[in-house]
Structures are given as structure tokens and as C-alpha cells.
Amino acid sequence: MNRQTDLQHIELFIDGRHVKPSSGEYSVDIDPATEEPIAAVALGSKADVDVAVKAARAALKVWGGMRAADRGRILQRAADLIEEHSEELIQIESRDAGKPLGGVRRQDMPAVIDTIRYYAGWCDKITGSVVPTRPDALTYTVREPVGVVGAIIPWNFPMMIGMWKIAPALACGCTVVVKPAELTPLSMLRIAELLVEAGLPPGVFNVVTGKGSVVGEALVQHPDVNKVTFTGSPNVGRGILQGAASNFKRVTLELGGKSANVIFADANLDRAARSAASGIFFNAGQVCSAGSRVLVERSAYDEVVDRLVARAKTIKVGSPEAPDTTMGPVVSANQLKTVLNYIDIGRSEGASAVIGGARIGKKGYYVQPTIFAKVAHEMRISQEEIFGPVLSVIPFDDEQDALRMANGTAYSLAAGVWSADIGRVHRMAAGLKAGTVWINTYGYTDVRLPWGGSGESGFGREHGEAALENFTEPKSVWMAIDQ
Ligand code: NAP
Ligand code: MG
């Protein structure tokens, strides 16, 4: 049997319609829970990227030339349609990425809708200002769309992180070519159809599926793409920055982290441990802001480890479809290999797995929730992003020691601090090197609050008003008004 020909073929989406890839080639999209094929997805090429960018360039005049309020109305209609089709999108996302249905329903889907509604509201509120300079001049600024945006999306929250990029880009009057992760292309393709149904003119939003090294690279190198917004790994991010130099593209990079969740002995240890456990095990640890290092004040160390283990035992690992599943598989055979390799590294470094530490079953990419105790700050499992359900618990002596370790990796995306001492939590919030600090909670994001990091976590901010700067160029206008 030819595995590919029996599968549903999913095409590219360019200029408002589905088109076959110029290569005629497809890749098989695998269900991470069963390892069974889901669909054959078009493998785009440089030639397809050219066509998509040309369509996006032509559509700039239409979209950017429209009344801003009309753009907003189309995006609001798109939000309504996405909301109407939520259940379908939840099913698609869950199957494609192996994410438990409950989690997608509770987090990803509401965030997608909230994001598009929020930026729909911005369309007619992106203003410049009149700036007083000289009495003989009227000087003012306007914000213009940067142009064609290439959005490169990861597989951990394909639809949500995708919307974080496309909603502000569209609100600013830009047009977009999206390159979804090869592992999880399906939700963006369905969203493309819904955007067009909502009235988005053809060419404003295009999706070219395929390999990062081909389609992603072609977008990054393309002379007619003005901006690349990327979420993924530091190595790919570095290449994107270099490639973008070709035509001085603007770049935003969100590259993950090794975030520290710092628990002092005076904290509410029950809440802290519950939150820290979901901070690492949610989405099987495949979260850029996962609290993958829990730092615990030495006097509370044993108690917190016990509480974390107790929480880990309550996690129900299983099929993403089952209503009681709280953790699904990791996304791919490769990711499974990476995670299991890190578990071996942890053991060989002398850390001890107090729970978990192995694959579950032989079919589906399931890993046990894993907690390492006796972890030292310098170990690789404390320094490197694993992107799986693997937690390192590290003791500390005092605030300075906690800050030294919390800030002691190449990343700086997010951090948490737990304490009942109001002075201490603010000292820590000030001292933590992170784009987001959570105090006595962990993991919340909201489209109204800036999101991003520095160092190996990348640069630039998504969300809120900050994202509007990613997709607009200020223009200064100087008019002489003397007689
Ligand atoms: P990745 O390779 O950085 O992939 C992210 C996106 O970039 C995907 O769409 C990928 O396409 C694309 N891409 C790959 N090579 C490219 C290139 N040369 N030029 C342009 N685009 C390219 O990440 P990954 O392999 O999926 O995951 C590896 C690690 O990255 C994870 O273990 C994790 O540490 C980190 N990560 C972080 C986040 C985050 O939220 N910050 C998300 C995902 C992964 P293909 O899928 O087709 O290769
Ligand atoms: Mg998939």
C-alpha cells in the first residue's frame, strides 16, 4: 500500500485558495499519540514562497489601503468564525500536536480568540502624534505597515503562537506569509480558510507548509519580505538573524528558556508546589516559559520535593482525546529521543530521578513526568532547555544565592518567585533577569501584557501595544507653515 496516496492531501494556501506544491511532493503528518499518519501535507519550495510573497506584496495595497475600521470589522468577523468553529479547531490541534483536548479547550482556543479580538480593536487606534518642534512647522508622525511579514511558527502552540503573530501584523495593515512547523501545519491552514470566509482579501494571508530549511529559509532570504517574526530554537533564530541581514529585514525572535521558579520556605508551599508542577508538566513540558528549574530554599527542600512528587503522581498521562488526560505525548519521535537523552544525561551527571525517568509504552511518544532531585546548578539538565516533562529541583541558601542561579543560564524569558515576604518578592522581581516575573503564581500570559525575553531567549516583545511596533514603521512629516 502506498501510505501517502491513501491519505487526505493538504495543499498550500496562497492568494486566497488552495494550491498544489510546485514540487508535487508531500510529507506525512503523524499523530504523536498513535504514530499513525493523519494527512499528507504539501512540501512547499522556494518557488512557492516566491508566489506567496508576490501575492502578499500585491495585497498590501488593498489591505493597507482599506479604511482601518473596515480592517477591524473583518478581523472581528474572523474572530466570530473562529469561535463558531472552535470545537473543530480544538480537535485538529489536539490530534496534530498530541495536545490533550481539555488543555486546548481551556487555554489555546480562548487565547486565540482573545488575541484576534484584541488586535481587531487596535486597527483604527494605531495613531501617530503631532510633535512640537518649531513655530514655523507642523511636524507629526504616522505609523505605516512594515510590509510583507514572514511568520515562522513552532509546534508547541501552533494556533496560539501563530495568532500572536498574525493578528497584530494584520491589524497594522501588513500582509503575511506563514510557515507553520512541519509537525503541526493543520490548524493554520484551517484558520486561513476562515479568514478568507470572513472577508480578508486574497493574498493578505498565505500559508506555505514545508521544511524549515527550505520554506523558512526562503522566507528569511526573500528580498521582498520586510519582517520576520519567529518562535523556536536559538540555533535557528541565530540563522534567521544572519539571513535577515541580506535585505536588512526587521526581526523578532522568541527562543524559549530555562525559567527558574524560586520557592522560599515562608511561601504557601502547597500552592507553590501545585503551581510549580503544572509549570513544568503542562503541555508535556513543551512550553517556552516552562518552569523547568525549581529552586527551593534549603530548609524547605525535602518538603517541596515530596509535594512535587505527590503532584506528579496525580498526572494522568494518556490519549489526548480522553477527557481525564492531563498530559499527552511529546510531539515527535525526535523530541522523545531528545527528552530521553536528557534523562540519561541527568542520571550520568549524578542527579536522582525521584519519579519518572522513562518512556511509557511502545506506541505513541509518551514520557513519564520526571523530577530530578540532588541537581546542581552547573549540570546540563539545569542549563539546557529540554522541552519535555523533566524538572530539576535545586536547593539554595539565601536571596543572593537564588538570584545567582536563577539568572545563571544563557536564557532569560520568565521566572517565578514564591514568598510571603512582600519586600523580598519585589527585591527578587527587580533582580530576576526575565521578560516576565510571576509572584506567588506561575505561567499566566495575557495578550495585553508584553511577552518576550533577552539573551538566548531572543529579543523583541509580542502582545499588547509593544507588538504594534513590530509591524509598523514610524514616519515623520515636516511641513513648513511660515508665509
Ligand atoms: P526549530 O527548529 O527552531 O523550529 C521552529 C520553526 O522554525 C519551525 O517552523 C521550523 O520548521 C522552522 N525552521 C527550522 N529551520 C529553519 C531555518 N533554517 N530557517 C527558517 N525556519 C526554520 O525548533 P524545533 O526543532 O521544532 O524544536 C527544537 C527546540 O527548539 C525545542 O526542543 C525547544 O528547545 C525549542 N523550541 C522553543 C519554542 C518556543 O516556544 N520558544 C518552540 C518550539 C521549540 P520545521 O518544523 O519544518 O523544521
Ligand atoms: Mg502533526
Quick check for me: using +1 on Lys/Arg Cβ and -1 on Asp/Glu Cβ, what's the dipole size of the chain about its Cα centre, in debye to the nearest 20? 360
Are there trypsin sites (Lys or Arg not before Pro) in the stretch 410-476 that DSSP marks as loop and that have at most 15 other Cβ atoms within 10 Å, and which are they? Arg448
Once amide H atoms are built 1.01 Å from N in the peptide plane, which residues 5 or more positions from Ile30, or in another chain, come under 5 Å H to H? Ile38
Round to a whole number: what % of the accessible area of the chain belongs to carbon and sulfur, probe 1.4 Å? 53
Cα extents of the stretch 22-90 along the three principal axes, largest first (Å): 47, 35, 13
For the stretch 385-444, dividing by residue count, accessible area per residue (probe 1.4 Å) in Å² works out to 37
Using only Cα atoms, find the angle between the long axis of helix 158-171 and the longest principal axis of the chain, and express it within 0 to 90 degrees, rounded to the nearest 10. 30
Tell me, in nm to one decimal, what length is gained between Asn268 and Ile439 on full extension, where the rule is 0.36 nm per residue of separation less the Cα-Cα distance? 60.4 nm
Cα pair distances in the stretch 358-483, grouped into 10 Å bins until the bin that holds the longest one, percent each: 10, 30, 29, 17, 7, 4, 2, 1, 0
Take the chain, mark every one of the chymotrypsin sites (Phe, Trp or Tyr not before Pro) that falls in a DSSP loop and has at most 13 other Cβ within 10 Å, then report the longest stretch left between them, sites excluded. 1-247
Could you list the trypsin sites (Lys or Arg not before Pro) in the stretch 45-116 that lie in coil according to DSSP, counting only those with at most 11 other Cβ atoms within 10 Å of their Cβ? Arg67
What is the mean projected area of the alpha carbon convex hull for the stretch 56-101, to one decimal in square nanometres? 4.5
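For Lys211 and Ser299, what does the FRET efficiency come to when R0 = 45 Å and r is the distance between their Cβ atoms, rounded to the nearest 0.05?
0.30
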Could you list which residues have their amide H under 5 Å from that of Ala181, counting only those 5 or more apart in sequence or on another chain, with H placed in the peptide plane? Ile153
Please give the per residue accessible area of the stretch 43-151, computed with a probe of 1.4 Å over protein heavy atoms only, in Å². 45
Quick one: of the DSSP bridges fully inside the chain, what percent are antiparallel, nearest 5? 40
Solvent-accessible area per residue, Å², over the stretch 184-301 with all protein chains present [probe radius 1.4 Å]: 30
Counting Lys and Arg as +1 and Asp and Glu as -1 over every other residue whose Cβ sits under 14 Å from the Cβ of Ile381, the net charge comes to 0
Short version: what are the Cα gyration tensor semi-axes of the chain, square root of 5 times each eigenvalue, largest first, in whole Å? 38, 30, 19
How far is helix 234-244 tilted, in degrees, relative to the longest principal axis of the Cα atoms in the chain, given as a value from 0 to 90 rounded to the nearest 10? 20
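Which of the three applies to the stretch 119-254, rounded, prolate or oblate, going by the alpha-carbon gyration tensor with a ≥ b ≥ c and a/c under 1.5 meaning rounded?
Verdict is oblate for the stretch 119-254.
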Could you list which residues have their amide H under 5 Å from that of Leu295, counting only those 5 or more apart in sequence or on another chain, with H placed in the peptide plane? Asn261, Val262, Ile263, Ile394
Between the helical axis of 86-97 and the dominant principal axis of the chain, each derived from Cα atoms, what acute angle in degrees is found, rounded to the nearest 10? 60
Note down the relative contact order for the chain as a percent, whole number, built from C-alpha pairs under 8 angstrom at least six residues apart. 18
Which value in Å is the Kirkwood Rh of the stretch 176-311 over different Cα pairs? 18.0
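The values are calculated or read from the model by the stated rules, or taken from the named source; none is laboratory data. Source: prediction; values computed, not measured. A quick note on method: Cβ atoms are made from the backbone with ideal geometry, for glycine too, and the neighbour counts reach across all protein chains shown. Note: areas computed on protein heavy atoms with side chains; ligands, DNA, RNA excluded. Shrake-Rupley method; radii C 1.70, N 1.55, O 1.52, S 1.80 Å.
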